[in-house]
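Encoded as C-alpha cells, the structure appears first; notes follow it.
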Amino acid sequence: MKKYVLALVTAAAVVAAALIPSGPPVEAATPGFASAVSAIKQTSWQTNNSVNALAISGNTVFAGGLFTKIRQPGKPAGQGEAVRTYIAAFNRSTGAPTAFAPTLNGPVYSIATSPDGNWVVIGGDFTTVNGIKRSKIAMFSVTTGKLVAAWDPVVSARVKALAIYGNSVFIGGAFGRIDGAVRNHLGAVRLIQGDLLPWNPNANDEVYAIDVSDNGTRVFVGGPFSTINGKDHYSLAMTNNTTGAAYSFPAAAAIPKPTLSCTTRVKDIDTLGDNVYVSNGGDGSGCYDGVLAAQVSTGKLLWKNNCLGATEAIKAIGNWVYKGSHAHNCSDSGAFGDGTGTHYLLVESAINGKIGPWFPNTDADQSSTTKVGPLAMAGTTTDLWVGGDFLNVNGKPQRGLTRFTNAPGGAAPAVPKAPTLVPAADKVTVRFADSYDLDNISLTYNVFRGTTNIGSFRYMSYFWEPRKSYTVTDTGVKSGQTVTYHIEVHDGRNIMRGPSVSVKVP
C-alpha cells in the first residue's frame, strides 16, 4: 500500500502525524497529474433530443443526432430555441451556434471532418438535404456551409461510422451497397470526386466505428460483425487502407467471443500516435464493457480494463483517454465498485488504463431510445465536447450537448469540515476528515493554529470513497491557552478554508 504524505514541521511546533484511514487508500493512475481538461462544465447551447455524433474542424464543432431544435444555455424546453434538423454547428470558443442550418429529413449518426479543415461529411438515415436527394451521406464545405452539389454517393442503408484520411472517406454501417456495387457494411469513396474506391473489407454484420491511424496506413473497424472477408475477426479488425484486407491484430483477441449469456461488441475507436483505443459494450451481466489499448505498428495489446457499464464513446487527449459510459463498477481498475452510483464520464490513463482525476457527471434520459447518457465525444488538446441523451450535467439542466476546457482554475476541493479537538496538558490532538476534488486525486491539507501552519500533509482521495480521518498532535501550546484551529485544502490552484473551532488547553 502506497502512502503519499508530505509533512512540514514548523520550528514552533513538533508535529506527529498518525494515519487513521477508514479503508486503504486507492492507488491513482498518475498521482498529482492533472486531467487535460477540467471537470467544470463550460457554457454551450443544448438540443431537444440525443446527440449521436460530434466532429471538430478548426473553431467549429459539428453535432448530429435525433434533435430538431437547439436552445440557449440554461433555458428550459420551449424557450430560446432555434430550428436545427438533425445537424448543427457551434463555435468551439463560446459554445454558441453558427449559421450552419441545412434541412435534413432523417437523423444523423456519424460525422467526419477532413484533416485539411475544408470538408465535413455526415451520415445517417436521411434521404434529402435541403430538398435535394442524398442517400444516407452528404458533404458540406466547412467554410461556406453549403452542400457540395456534385458529391452524391448512394448508400443503401444507415451510415453509422465515418473517417477521412487523404482523399478517402471510409464508411461503415448497416448497408449492403454503395453506388449499386456490393459493399457489405464497409466501403469507401473519394473525398473530392465521390466515386467508389476498391476498399472492401466485407463485414458480415453492422459496423459501429471506424478510425484511421495517424499515419494513414491502417483503418480500424468495429461493431457486432464476426468476419472480415469471410475470415474470423470478431467485432474488431485492422485493415489495409487500400484493399480492406485484414492484418493480424493480436489485441483483438482481448474482446471475448459471444456466449449464450454474454455478447460484447465494439462501440467506438480512437487513434493517437502509434496507439489505438477501443471501447466496448456488452449485453448480459458482467460482460466486457471496458476499454483496450493496442499498438498500431504491431497490433499487440498494451492494456485492457473492464469497467462494467457499456463504454459508448472515447476520446484520447495527450496521456488521457476520456470515456462516456454508464460505468457502475471499475474495481478492476483500482476504482469504485458497485453501490457508488453510475459514473457517466470518466478518464483513464493512456499508459495503463487506470482511472484518472476527472469526475464530472451526466445522467441518462430514461424516455430516450438509448437511455445510456453520453454517446459521442470530440476534442482537441484544450477542450472536450460530449453529446448524448443526457438531461443534466454536474447536477444542472443541460440537454444533449456539453463541453469541458482547460480554462485555469478547474474544480475546487470540497470545503473541509471543522476539525475535532482533543486537548490535554500542553498539547492538542487535531482530528480532521479528508476532502475530495472532481479533477484532482492528490490534495494537500494544511492544519492551522490561528495563522500558524502546524503541519502540511498530502493524501489521495476519491469522491466516492467514505471520508477518511487523520490526526496531528500539536505540542506547541501551553496549558491555560485558548487556541483556534482550522483546515485548508488545496489542489495546486484552489484553496478552500474550513470553519474554525477553539478549545482551552487544560
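The values are calculated or read from the model by the stated rules, or taken from the named source; none is laboratory data. None of these values were measured; they are calculated from a predicted model. Positions of Cβ are backbone-derived with ideal geometry, glycine not excepted, and every protein chain shown enters the neighbour counts. Only protein heavy atoms, including side chains, enter the accessible area calculation; ligands, DNA and RNA are left aside. Shrake-Rupley method; radii C 1.70, N 1.55, O 1.52, S 1.80 Å.
Taking the stretch 250-282 as the search range and keeping residues that are of a type in the set (Ser, Thr, Tyr) and part of a strand (DSSP E or B), which one is most open to solvent (accessible area, probe 1.4 Å)? Result: Thr263. The residues in the stretch 334-349 that are closer than 14 Å to Asn306 by Cβ, assigned to a loop (DSSP other than H, G, I, E, B), touching a residue at least 40 places away in the same chain (Cβ under 8 Å) and not aromatic (Phe, Trp, Tyr) can be counted, and the count is 2.
Listed here are the residues, each with its yes/no results for (1) in contact with a helix residue (DSSP H, G or I) (Cβ under 9 Å, 6 or more places away or on another chain); (2) at pLDDT 95 or above; (3) open to solvent by 30 Å² or more (accessible area, probe 1.4 Å); (4) more than 21 Å from Asp116 (Cα to Cα).
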| residue | (1), (2), (3), (4) |
| --- | --- |
| Gly194 | no, yes, no, no |
| Pro198 | no, yes, yes, yes |
| Asn204 | no, yes, yes, yes |
| Ile210 | no, yes, no, no |
| Thr227 | no, yes, yes, yes |
| Lys231 | no, yes, yes, yes |
| Leu236 | yes, yes, no, yes |
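Which of the residues that make up the stretch 214-251 are in contact with a Leu (Cβ under 8 Å, 6 or more places away or on another chain) and under 13 Å from Gln295 (Cα atoms)? Residues satisfying the conditions are Asp214, Phe220, Phe249, Pro250, Ala251.
Against the numbered list (1) of a type outside the set (Ser, Thr, Tyr); (2) open to solvent by 10 Å² or more (accessible area, probe 1.4 Å); (3) without any contact (Cβ under 8 Å) to a residue 60 or more places away in the chain; (4) outside any strand (DSSP E or B), His326 comes up short only at (4).
Per the conditions (1) in contact (Cβ under 8 Å) with a residue 40 or more places away in the chain; (2) in contact with an Asp or Glu (Cβ under 8 Å, 6 or more places away or on another chain); (3) on the phi > 0 side of the Ramachandran plot, the sole criterion not satisfied by Gly95 is (2). Just so you know, in the stretch 380-398 the residues that are in contact with a Lys or Arg (Cβ under 8 Å, 6 or more places away or on another chain), assigned to a loop (DSSP other than H, G, I, E, B) and open to solvent by 50 Å² or more (accessible area, probe 1.4 Å) include one that is farthest from Phe62 (Cα to Cα), and it is Asn394.
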